[in-house]
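Asker: Got a structure for you, questions after.
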Amino acid sequence: MFENLREDLNRAMRETRTDPNWKPSLGKRFEVMVRHSTWPVVAYRFSRWARSVRIPVIKQLLQIFGLFFRKWVELFTSVHIDVRADIGPGFVIHSVYAINLGATKIGKNFTIATGCLISHACRGIGDDVYFGPGAKLVGDAKIGSNVVIAANSLVFTDVRSDMMVMGVPARIKLAGGRPQRFVKKAEEAVPAAEAKAGPAGAPEPSRTAASVSA
């Protein structure tokens, strides 16, 4: 539980950071812990861990507490994660409300957004998969690794690895799906003024005869 939860929180903190040497401050750690999207992950991890406890009575007490904890979190976030789901480390919820995640096996670095449905019949989801807002996965489909399910897509059939799918039903398939970071790289974030300025010390363009006469 604790190792997976640590990876979940670390990924949530580093998701918008491109510097590999960046270290989260105490304020950033607190901000992640109080997010609405963090508590469903914590409740799921705790409830799943409670199922693995072997000590009689203690196990039942932990499961009862986990049940009430999950229901309380569901009441405020509208996120239901089946305790039988097997989700790898790096699980991140981008935005809460109207999320229903069934009992299926999911790999590491899984990202899900608001309005998503993953049915119990799903045969499995690989690593580094992103479900956009409103995406639905129904039936006994299987999703490979490094896959992006575009917003509001409806998936009925299997999706192989390294793909991006979209549509209702999701028939448009594009090669090169990749996990979403939702941040521009530092070298790409060039201010518009700097882009227009040109090299430093460059002379201003000479005025034409027409502009002089005007």
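Asker: Using a basic spin-label model with each label point 7 Å from the Cα along Cα→Cβ, how many nm lie between Trp22 and Ala98?
Answerer: Output for this residue pair reads 3.0 nm.
Asker: Using per-residue counts of other Cβ atoms within 10 Å, averaged over each peptide, order 37-50, 59-72, 83-96 from highest down.
Answerer: Result, highest mean Cβ count within 10 Å first: 37-50, 83-96, 59-72.
Asker: Can you pull the Kirkwood radius for the stretch 33-171, inverse mean 1/r over Cα pairs, to one decimal in Å?
Answerer: Across the stretch 33-171, the inverse of the average 1/r is 15.2 Å.
Asker: Take Ser78, project a point 7 Å from its Cα along the Cβ direction, then tell me which residues of the stretch 85-109 have their backbone nitrogen under 12 Å from it.
Answerer: So the set is 96-100.
Asker: Simple spin-label model, 7 Å along Cα-to-Cβ: Asn152 to Arg29 in nm?
Answerer: 4.2 nm
Asker: Same structure, new question: Going down the list Lys28/Lys136; Lys108/Lys142; Lys105/Lys136, which pairs span over 20 Å between their C-alpha atoms?
Answerer: Lys28/Lys136
None of the figures in this text is laboratory data; all of them are computed from the coordinates on show. Keep in mind it's a predicted model, so treat the numbers as computed, not measured. Every residue, glycine as well, gets a Cβ built from its backbone with ideal geometry; the counts of neighbours run over all protein chains shown.
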